[in-house]
Amino acid sequence: MKKPLIIGNWKSNKTPLEAEQWLNTFKNLGDWPGPEVVICVPFPALTICQTIIAELNLAFKLGVQNVSPFDSGAYTGEVSARMLAGLAQYCLIGHSERRKYFAESDETVKLKVKQAQSANIRPIVCIQDESTPVPDNVDLIAYEPIWAIGSGKPDTPKHASQMAENIRKKYPGSLFIYGGSVTATNITSFISQANIDGVLLGGASLEAKSFYELVRNAATIQT
Ligand code: PGA
C-alpha cells in the first residue's frame with residue numbers, strides 16, 4: 001500500500017479561530033483516513049493548531065509557508081527558523097507566489113533552506129519547471145507549474161510523472177510531489193503514478209469536509 005504525502009497550503013487564509021474550527025470539523029468527520037498529511041498554516045495559527053492537534057489526537061504534521069533567510073536578529077518583521085523550531089516540522093520554500101509578490105530569488109531560497117534545516121524543519125522546495133534550481137540536501141521537491149495553480153487546470157498526470165522522472169535524475173533520492181489544481185476528484189490520478197509521492201494543494205485544503213474526503217480518496221491508492 002502506497003502512503004502518499006498530502007500537503008495542504010492554507011496560504012493567507014484563516015484566523016486562529018477559523019483554524020481551530022477547521023480542525024474540530026475534520027476530527028468530527030470520522031477516523032483518521034490513513035495518509036501522511038501536512039498542513040501549512042499561517043504563523044498566527046501555528047500554536048493553536050499544535051495544541052488542538054495534540055488535544056484531538058489528530059495525525060497532522062504542521063508546516064509553515066515561509067521562513068526568514070536570516071538568523072534571529074535585527075530583521076524587522078521576519079520570523080526566524082529558531083522561532084519555529086519545535087512548532088513546525090515542514091516549511092514551504094520558493095512557492096511561485098513568494099517569487100512573484102515578494103521577489104524571492106533562487107539565492108533567497110537557498111538561504112531559507114539553510115535556515116530551516118538548521119532548526120530541524122524539513123524544506124519543501126517548490127519548483128516551477130525543470131530549470132528551477134533545488135538547493136543541496138533538499139529531499140522534498142514540489143513541482144508546481146505556475147499556470148496550474150488556482151486555475152482549475154491541472155497538469156496531466158502523465159506529464160507530471162514525466163517531470164518527476166526528469167527531476168529525479170537531477171536530484172536522486174528526493175521525494176517528488178505534484179501541485180496545481182489538485183482536488184478530491186483528481187488526486188488519485190496523480191498519486192497512482194509510481195513516480196509521484198504526493199501532492200501539494202491550496203484551494204482544496206480550505207474546507208475541512210472536502211479536504212477529509214480528499215484524504216480519504218488518497219487512502220484508496222494501491223501500488
Ligand atoms: P491550488 O494551489 O491547489 O489552489 O492550485 C496549489 C499551491 O499553490 O500550492
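The values are calculated or read from the model by the stated rules, or taken from the named source; none is laboratory data. Nothing here was measured: the structure is a model prediction, and the numbers come from that model. All Cβ positions, even for glycine, are placed from backbone atoms using ideal geometry, and neighbour counts span all protein chains on display. Calculation scope for accessible area: heavy atoms of the full protein, side chains included, ligands and nucleic acids excluded. Shrake-Rupley method; radii C 1.70, N 1.55, O 1.52, S 1.80 Å.
Six or more apart or on different chains, Cβ under 9 Å: which pairs go from a residue in the stretch 197-223 that's over 24 Å from S161 (Cα atoms) to one that's polar (S, T, N, Q) and part of a helix (DSSP H, G or I)? Could you list them?
E207/T25; A208/Q21; A208/N24; A208/T25; A208/N28; K209/T25; Y212/T25
Taking the stretch 63-101 only, how many residues are open to solvent by 10 Å² or more (accessible area, probe 1.4 Å) and more than 14 Å from the ligand (Cβ to nearest atom)?
Selection size over the stretch 63-101: 17.
Looking at the structure I just gave you, is A142 at pLDDT 95 or above and more than 16 Å from the ligand (Cβ to nearest atom)?
When the stated conditions are applied, A142 does not pass them.
Out of the residues in the stretch 181-192 meeting the condition of being surrounded by fewer than 19 Cβ atoms within 10 Å (Cβ to Cβ) and closer than 13 Å to K3 by Cα, tell me which one is farthest from the ligand (Cβ to nearest atom).
So the residue we want is S192.
Please find, within the stretch 1-35, the residue that is modelled with the lowest pLDDT out of those that are within 16 Å of the ligand (Cβ to nearest atom) and part of a loop (DSSP other than H, G, I, E, B).
Only one residue fits best here, namely P4.
So in the stretch 105-139, with the set limited to residues that are out of contact with any Asp or Glu (no Cβ under 7 Å at 6 or more places or on another chain) and within 14 Å of the ligand (Cβ to nearest atom), which one is farthest from P4 (Cα to Cα)?
Taking the candidates together, the pick is I127.
Per-residue answers, yes or no, for (1) aromatic (F, W, Y); (2) open to solvent by 10 Å² or more (accessible area, probe 1.4 Å); (3) in contact with a strand residue (DSSP E or B) (Cβ under 9 Å, 6 or more places away or on another chain); (4) under 16 Å from P35 (Cα atoms):
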residue: W147; (1), (2), (3), (4): yes, yes, no, no
residue: P157; (1), (2), (3), (4): no, yes, yes, no
residue: K169; (1), (2), (3), (4): no, yes, no, no
residue: G179; (1), (2), (3), (4): no, no, yes, no
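Just one of (1) in a helix (DSSP H, G or I); (2) free of Cβ contacts under 8 Å to residues at least 40 places away in the same chain trips up V182, so point out which.
(1)
Anything in the stretch 207-223 that is open to solvent by less than 50 Å² (accessible area, probe 1.4 Å) and in a loop (DSSP other than H, G, I, E, B)? List them, or say none.
Selection gives A219, I221.
Evaluate the stretch 143-159: report whether one residue or more is farther than 20 Å from V64 by Cβ and aromatic (F, W, Y).
Looking for residues that are farther than 20 Å from V64 by Cβ and aromatic (F, W, Y), one finds at least one in the stretch 143-159, hence yes.
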